[in-house]
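Data first, discussion second: the structure below is written as structure tokens.
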Amino acid sequence: MPDTTPRGLTRLAFGGDYNPEQWPESVWQEDVRLMREAGVTMVSVGIFSWALLEPAPGEYDFGWLDRVIDLLHEAGIRVDLGTPTVVPPVWFYRAHPEALPVTADGVRLEFGSRGAICHSNPHYRAAAANITTRLAERYGDHPALAMWHVHNEYGVPVSACYCENCAAHFRRWLHDTYGSVDAVNEAWGTAFWGQRYAALDQINPPRATPTVGNPAQALDYRRFADATMRENFRAERDILHRLSPGVPVTTNFMTALSQCDSVDYWAWGREVDLVTNDHYLITDGRRTHVNLAMAADLTRSVAGGAPWLLLEHSTSGVNWQPRNPAKAPGQMARNSLGHVARGSEGAMFFQWRQSRRGAEKFHSSMLPHGGTDTRVWREVVELGAGLDALTEIRGTRTRADVAMLWDWQSWWAQNLDWRPSEDHDARERADAFYEALYDRHLTVDFAHPEADLSRYPLVVVPALYLMTEAAGNNLKAYVEQGGTLVVSYFSGIVDEHDAVHEGAYPGVLRDALGLTVEEFSPLLQGERVRVSGPDGSELSGDVWTEFLVPRGAETVWTYADGPTAGRPAITRHRLGEGTAWYVSTRLGHEGLDALLGWAAEDARIAPRADLPRDVEVVHRTGEQGSYLFAINHTAADAKVPLETSGTELLTGERAAGRLVVPAGAVRVVRLDG
Ligand code: GLA
Ligand code: ZN
């Protein structure tokens, strides 16, 4: 059994991607000295080094990597060793040009960047297996080796290839999945627009078509592309397990939809020994710490609640957004410890030393161009000391209050073309519901729609367009057995083939919600509707309305105007021991807060009302104790009431009754008892 924690790492992980090959060897000594000064415990090495390790086919140069790893080992720094299979050397592409991926428009992408890979290409697979084997043979039992880092961020920048090799591979996948062309015709509904196939070998990838192509084909292609990348991950992982037994194997995920939407991380979470994640702030004017918390919660959920590791984030600005603001003083520590609060066993960065050349030279790093006399460096050193003081939390688990349902496959289906409204965005709804829960200081677990939900008093479904019958039954049973469910519109509509469930909308959710929807009536851009509640109060919605018919549910809020004026807008259904809420318009923050307030009462959850909105409080617990993380994202000092006394680990101070968290600071209390 491979271990699930980095081998030999006795502290929280702190460090970053280390690319010594971009620097003369004279710099390496200084790197290691400064790593020690900063308290670095682990670095990721070799992720993009294939061209240096195998400069010509079958010719290897491991000398420089030997020296780097030995140097790190002497300094007591653990090594997360990459397999460099995300960038094959140019000689490989010149020998096998068909290993370069092709877009849906038929453009073959060129060498000269990274991630230009057709994952179906047999030559690529053989070459990747070969370099992985060489590395595993050479370093598999090196005492510095903590874990293996396979590839880099599967799924980006190329999410799928549409070449002839992929076409053949797709047909094999269809054969394995469906057994016959008749079954494919049935699943894809090819009777529509005369798309029927007589044999599997007539089927191509969903390449550019004159107008909208077959949605079920497009959905299956995303599944196929994801499964193909997973095959390649498994091939490397199995080599590493065989030649480097006991060393955990991971690949860095990017669970945030805004960063990678092409990988079904529920499936990937089951393949890795340790879930690791990369996360970058998207600075689009929204509250970045809320998106960060969401990504961290999602990553923990993908890990099944077990500890995971943040393998990359940034000390300050990134360089790939239209505008890349620097982080404010203290923001890096809030970000790093925000991930730790939600289950990460440390905080790692891209990258250790800022590059002078290449595409990422304006991306922040632990050691900036300006060197050690910089704010970023001083904050890095401080963070290293802080993480060291938190060593004892290793292995504890974050405690969640509620669950939100999440399914990448539903997201893929939802985003296909020709829907009732292009303004309805599943990700926007998930973000909005998450933010409303965050603002009530509720910690969220994400769950697959077919997962056991019985331990959650409240389950929220912001937008789950695709839902299997099994998922529908699961939710019905959850409510009957006493759960409180909140469902937002356009959920439960289609099955796994993007076929509308039989009977009235919302298909598999009709019984749980006690209603049907006769017709969707999306609003025009900028159009708003008012909904009035039982107490005379008013909320407003946009984007979506529906002709909703209660069939057992009671109407709690009614449309006051708009195309569905006078009809139910928000309903509540008591079923068995539980309650199911349904909302048929896009509520703003105030509306979601009101709705979740009602639902929380049904679920007998009392969200904390004693904290300012942007003071984040999260708990990690384990055999060694119970820890309260308090992150103050505001510009004012905050007081966090404590149920028991405790010791604050970053300052060593005692706290009783309440904890003072200075403006912008983080505090972590080991609670007594
Ligand atoms: C990704 C990659 C890194 C680097 C960072 C920059 O996460 O894994 O190699 O490019 O982005 O933000
Ligand atoms: Zn291909």
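Worth pointing out:
- Filtered by the rule that a residue be farther than 18 Å from A56 by Cβ and either in a helix (DSSP H, G or I) or within 12 Å of ligand 2 (Cβ to nearest atom) (or both), the stretch 107-131 gives R108, L109, A116, I117, C118, H119, S120, N121, P122, R125, A129.
Residue by residue, here is whether (1) under 18 Å from V158 (Cβ atoms); (2) of a type in the set (D, E, K, R) holds:
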site	(1), (2)
G189	no, no
W193	no, no
D201	no, yes
F233	yes, no
E236	yes, yes
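- Any pair with Cβ under 8 angstrom, 6 or more apart, that starts in the stretch 266-283 at a residue that is within 30 Å of P322 (Cα to Cα) and touching a residue at least 12 places away in the same chain (Cβ under 8 Å) and ends at one that is assigned to a loop (DSSP other than H, G, I, E, B) and β-branched (V, I, T): T276/T251; N277/T255; H279/T255; Y280/V318; L281/V318
- Residues in the stretch 205-231 that are surrounded by fewer than 20 Cβ atoms within 10 Å (Cβ to Cβ) and more than 18 Å from V158 (Cβ to Cβ) were compared, and the one that is farthest from the chain's Cα centre (by Cα) is P210.
- Boolean, D66 is buried (at least 24 other Cβ atoms within 10 Å of the Cβ), more than 16 Å from ligand 2 (Cβ to nearest atom), of a type in the set (D, E) and within 30 Å of D388 (Cα to Cα): no
- Residue check, T190 outside the structural domain of L240 (by TED's automatic domain parsing), within 29 Å of the chain's Cα centre (by Cα) and more than 16 Å from ligand 1 (Cβ to nearest atom): no
- Some residue of the stretch 69-80 being of a type outside the set (S, T, N, Q), under 19 Å from N130 (Cβ atoms) and in contact with a helix residue (DSSP H, G or I) (Cβ under 8 Å, 6 or more places away or on another chain): no
- Sole exception among (1) farther than 27 Å from W268 by Cβ; (2) within 16 Å of ligand 1 (Cβ to nearest atom) for R114, by number: (1)
- Residue in the stretch 346-361 that is free of Cβ contacts under 8 Å to residues at least 24 places away in the same chain, under 23 Å from H149 (Cα atoms) and surrounded by fewer than 24 Cβ atoms within 10 Å (Cβ to Cβ) present: yes
- Odd one out for L281 among (1) farther than 20 Å from E616 by Cα; (2) touching a helix residue (DSSP H, G or I) at 6+ places or on another chain (Cβ under 7 Å); (3) within 15 Å of ligand 1 (Cβ to nearest atom); (4) part of a loop (DSSP other than H, G, I, E, B): (1)
- Listed by position, the strands (runs of 3 or more DSSP E) enclosed by the stretch 570-673 that each have at least 1 residues that are basic (K, R) and surrounded by fewer than 19 Cβ atoms within 10 Å (Cβ to Cβ) are 638-641, 658-661, 666-671.
- Criterion (at pLDDT 95 or above, in a loop (DSSP other than H, G, I, E, B) and more than 14 Å from ligand 1 (Cβ to nearest atom)) met by exactly one of G305, G317: G305
- All positions within the stretch 136-154 that are surrounded by 22 or more Cβ atoms within 10 Å (Cβ to Cβ), assigned to a loop (DSSP other than H, G, I, E, B) and within 21 Å of the chain's Cα centre (by Cα): H151, N152, Y154
- Residue in the stretch 167-178 that is under 28 Å from the mean Cα position of the chain (by Cα) and under 30 Å from L81 (Cβ atoms) present: yes
- Tallying residues that are more than 23 Å from the chain's Cα centre (by Cα) and not in a loop (DSSP other than H, G, I, E, B) within the stretch 486-510 yields 7.
- Filtered residues of the stretch 273-300 (kept if among the β-branched types (V, I, T) and crowded, with 24+ Cβ neighbours inside 10 Å): V275, T276, T299
Conditions (1) within 27 Å of N277 (Cβ to Cβ); (2) among the hydrophobic types (A, V, I, L, M, F, W, C), marked per residue:
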| residue | (1), (2) |
| --- | --- |
| E21 | yes, no |
| V27 | no, yes |
| R33 | no, no |
| G39 | yes, no |
| S44 | yes, no |
| F48 | yes, yes |
| E59 | no, no |
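- The stretch 328-361, subset of a type in the set (S, T, N, Q) and farther than 24 Å from A663 by Cα, residue nearest to ligand 1 (Cβ to nearest atom): Q351
- Only one entry in P368, P307, P329, P322 is under 22 Å from T251 (Cα atoms), away from ligand 2 (no atom under 16 Å from the Cβ) and either touching a residue at least 24 places away in the same chain (Cβ under 8 Å) or not basic (K, R) (or both), namely P307.
- The single condition among (1) closer than 24 Å to V102 by Cβ; (2) more than 14 Å from ligand 1 (Cβ to nearest atom); (3) buried (at least 23 other Cβ atoms within 10 Å of the Cβ) that D261 does not meet is (3).
- Hits in the stretch 405-415 - residues which are more than 24 Å from Y478 (Cα to Cα) and buried (at least 20 other Cβ atoms within 10 Å of the Cβ): W412, A413, Q414
- Scanning the stretch 141-148 for any residue that is within 16 Å of ligand 1 (Cβ to nearest atom) and within 18 Å of W412 (Cβ to Cβ) turns up nothing.
- Top-ranked residue in the stretch 95-106 [being in a loop (DSSP other than H, G, I, E, B) and near ligand 2 (Cβ under 9 Å from one of its atoms); ranked as surrounded by the fewest Cβ atoms within 10 Å (Cβ to Cβ)]: L100
The values are calculated or read from the model by the stated rules, or taken from the named source; none is laboratory data. The shown structure was predicted, so the numbers you read here are calculated from the model rather than taken from an experiment. No Cβ is skipped: glycine too gets one built from the backbone with ideal geometry, and neighbour counts run over all protein chains shown.
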